[in-house]
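Below: one structure, written as structure tokens.
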2 protein chains.
Amino acid sequence: MDALVAPKPRPRGSVDALIALAEADMAQVDVVVRARMQSPVALIPELAEHLIAAGGKRLRPLLTVAAARLAGDRSEHCIRLAAAVEFIHTATLLHDDVVDGSQLRRGKVAAHLIWGGASSVLVGDFLFARAFELMVETNSLRALEILARASRVIAEGEVLQLTRAHDLRLTQDIYLEIIKAKTAELFAAAAHGGAVVSGAPEPDIAALRTYGEKLGFAFQLADDALDYGGASEVLGKNAGDDFREGKATLPLILAIQRTGAKERAFWERTIARVEQKEGDFRRARELIVGTGALAATLTLAQTYAEEAKGALARFAPGPWRAALEDLADFAVSRAA
Amino acid sequence: MDALVAPKPRPRGSVDALIALAEADMAQVDVVVRARMQSPVALIPELAEHLIAAGGKRLRPLLTVAAARLAGDRSEHCIRLAAAVEFIHTATLLHDDVVDGSQLRRGKVAAHLIWGGASSVLVGDFLFARAFELMVETNSLRALEILARASRVIAEGEVLQLTRAHDLRLTQDIYLEIIKAKTAELFAAAAHGGAVVSGAPEPDIAALRTYGEKLGFAFQLADDALDYGGASEVLGKNAGDDFREGKATLPLILAIQRTGAKERAFWERTIARVEQKEGDFRRARELIVGTGALAATLTLAQTYAEEAKGALARFAPGPWRAALEDLADFAVSRAA
């Protein structure tokens, strides 16, 4: 591992403890998800199943459940809300893939390439509406407000990113504003909503929201680093997607700033005009690693992970708190 | 006017009385709509303004206001809900135009042709989420449930229509199921929600929902007839859109059934394969008028209009009831 990339060892986190603790709850969430993605219109469950069966770690509903459990709630109030969170997330993935023209999602061919963009848009709308139906059943107007706001903020973040795509002058501040809206807001709302339906005291609710938000930043920044191979430069299945789409993320933004006039023509061609050829991604990766842009991105991600863990300090030590601390470290260590 | 088309005179309705009665309320709705379509992301109000400024009659929020007023409510509870209804409707228009590839909307170039499909999808998502934020502010979980359900049913109807587009075997029953979901449901929910926030007695609430639903059927069927020039065969700005998209609506479904094997090749080419040439629309219109398919569509629309008016019989006579009766007749007479 390059010294520029890893100036000091980072804690190795894991999501395993959380998955084990939440296993029974998440099985219930799964039952609700599968029951409520049904429709007499056959294409809807067929398309939804494609995405939902592909799985992923279901981090956002996990957060809802974990926040409620850490707040001491033993009831089932959080289950429907967690399923609603998963539906909102799935709806945004369907719409994002249409918007970005993405080829792959969760390692499978993106739904819009199989069923067409129109179906992805409309099934996204279905899942989004279904999420609100589920939330009505939680009887918590406050949880509904949190998730309605999050859904609106996500859309604002997506539009902001769309209008700034291919923009070489994008700054770190604006980029953080974009990912606050398009990623951190739903992580925050997932934990916030879980805390609210648990009936936790206000300071606990606020702390859990902060945990979710900081965790969201950490995950997104680590994802951005992973798209360039992460610190270990092992390229995952979807590595290079951001670059190929000419999408400016933090590693790229920092590399553009740090290479200055010298590489201006390269970035103009590959990112602003998205005219790419063989070897461009490798060169971009070398510049991103060589300028320390990748390391800086991961350092910032780790800062957010530490802030996330810090927000949990007010809770008594125990398995849920430890599992959420591990999750915060995992957000970054999977890219290190 | 052709005898086949207009077997008996229909009542001439008008929307003018309702617009006059609701003027002050709708001015308040407009203030909320304009305030809540704002966003720090400039593209969002810009795109939303394009559609919202184009206006239209704002029938759905009008229904919400009128239902509350007819139910005797003098408060402002219905205003935010009416604005939410308008946002949901605008969101579905934005997504529909992307899905259908429509060229025009409310007489203006469709938003996706100006700002791109991605922006239309995301601004639709913004407006949809904003609608739920507004509904939270009404403090009525029941109204929220009605509109969340309607949003989900609309998406189901759109997907159903998408999977049955270009299908020459589409029956009247399935077509009515489609428009029940994609049009009548939101008319029903708009009136239903208005009645619910007014705190009306349950039988009044049920009657107002029925009024909205039947009115929705009447409007959609008359729109379908208008797309072929209506009974007077005066072609409006967007006439022929359904035909050009190969979209089977009731006038077409009935004409296909009534012309049988004789015109099979014509429908196969123009609707199933959407291979159209000069003069095809005129010929389709002649078949639709000549077989009485247009007249049958308008007769069915009038039946729904009568049922809508019938649902109002339980309310004491007065200006709001009379205006809603006029609206039901107007739904059909504008196509006659």
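The numbers here are math on the coordinates, done by the rules we state, and not lab data. Only a predicted model underlies this, so the values are computations on that prediction, with no experimental measurement involved. Cβ sites come from the backbone with ideal geometry, for glycine too, and all protein chains shown count toward neighbours.
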Lysine pairs in chain B 8 or more apart or on different chains: how many have alpha carbons under 17 angstrom apart? 9
Rounded, prolate or oblate (a/c below 1.5 giving rounded, otherwise prolate when a/b exceeds b/c) for the range B:261-336 by Cα gyration tensor: prolate
Between B:Glu137 and A:Ala54, Cβ-based FRET efficiency (R0 35 Å, step 0.05) works out to 0.45
Test of understanding: what is the full-extension gain from A:Ala27 to A:Arg12, defined as 0.36 nm times their sequence separation minus their Cα-Cα distance? 2.7 nm
Report the relative contact order of the range A:16-333, percent, no decimals, based on alpha-carbon pairs under 8 angstrom and at least 6 residues apart. 19
For the protein assembly as shown, average projected area of the Cα convex hull in nm²: 30.8
The answer for B:Gly13, listing residues at least 5 apart or on another chain whose modeled amide H is closer than 5 Å to its amide H, is B:Phe330, B:Ser333
The range A:160-214: relative contact order as a whole-number percent, Cα under 8 Å and 6+ apart: 37
Just check chain B against the gyration tensor rule for me: Cα atoms, a ≥ b ≥ c as the square roots of the eigenvalues, rounded for a/c under 1.5, and otherwise prolate or oblate depending on whether a/b exceeds b/c. oblate
Rank these for me by crowding, B:Phe315, B:Phe219, B:Phe243, A:Phe266, going from fewest to most other beta carbons within 10 Å. A:Phe266, B:Phe315, B:Phe243, B:Phe219
Please arrange A:Ser39, A:Ser14, B:Ser119, A:Ser120 by how many other C-beta atoms lie within 10 Å of their C-beta, fewest to most. A:Ser14, A:Ser39, B:Ser119, A:Ser120
For B:Leu104, the residues 5 or more places away or on another chain with a placed amide H closer than 5 Å to its own amide H are B:Ala110
Pairwise label distance in nanometres, A:Lys262 with B:Ala20, each label 7 Å out on the Cα-Cβ vector: 7.7
Going by how many other Cβ atoms sit within 10 Å of their own, how do A:Lys262, B:Lys214 line up, fewest first? A:Lys262, B:Lys214
Out of A:Thr92, A:Ala24, A:Val274 - ranked by how far each Cα lies towards the positive end of the dipole of the range A:16-333, with unit charges on the beta-carbon of charged residues - the top one is A:Val274
